[in-house]
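Derivation of every value follows stated rules applied to the coordinates shown; laboratory data play no part. Please read all numbers here as calculations on a predicted model, not as lab measurements. Positions of Cβ are generated from backbone atoms using ideal geometry, with glycine treated the same way; all protein chains shown enter the neighbour counts.
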Amino acid sequence: MFVDYLTNVLATVFKVTGTIDPAKSFQELEVDSLSLAELAAQLEDEFDLTIEEEELRPESTVLEVAEFLEARGAVLSA
């Protein structure tokens with residue numbers, strides 16, 4: 001559920017091109033540190049949670065962030 005959401009955000013907002021493999025790190029997907037900070041801010045606003053810098057790193061994968069969001073009780077609106 002969050003994997004699809006994150007994949008869509010990366011493709012549409014952050015213009016990650018090609019197929020986004022959720023098992024690849026943000027670094028491998030060529031998402032820079034500024035974009036990661038913007039993604040963290042967007043997730044914090046949208047899901048009303050706090051994301052620490054070490055929780056969203058270049059080495060993090062889309063799958064890890066999806067699991068993090070689920071574990072923190074984030075809910076996607078319908």
On each of the three principal axes the extent of the alpha-carbon atoms of segment 1-46, given in whole Å and largest first, is 26, 24, 17
Rounding to the nearest 20 debye, state how big the charge dipole of the chain is about its Cα centre with +1 on each Lys and Arg Cβ and -1 on each Asp and Glu Cβ.
-> 280
Relative to the longest principal axis of the chain, what angle (0 to 90°, nearest 10) does the C-alpha long axis of helix 62-71 take?
-> 0
Based on the Cβ-Cβ distance of residue 30 and residue 75, what FRET efficiency does E = 1/(1 + (r/R0)^6) give at R0 = 25 Å, to the nearest 0.05?
-> 0.25
Selection from 10, 73, 34, by position along the positive dipole direction of the chain (Cβ) | 10
Quick one: angle between helix 2-12 and the longest Cα principal axis of the chain, in degrees between 0 and 90, rounded to 10, please.
-> 50
Cα-based Rg then Dmax for the chain, in Å, read 11.3, 30
Measuring from the longest principal axis of the C-alpha atoms of the chain, the long axis of helix 33-47 (C-alpha) lies at a number of degrees, nearest 10, equal to 30
When ranked by the protection proxy of mean other Cβ atoms within 10 Å per residue, highest first, what sequence do the peptides 61-68, 8-15 form?
-> 61-68, 8-15
Give me the distance in nm between label points sitting 7 Å out from Cα along the Cα-to-Cβ direction at residue 52 and residue 13, one decimal.
-> 2.3
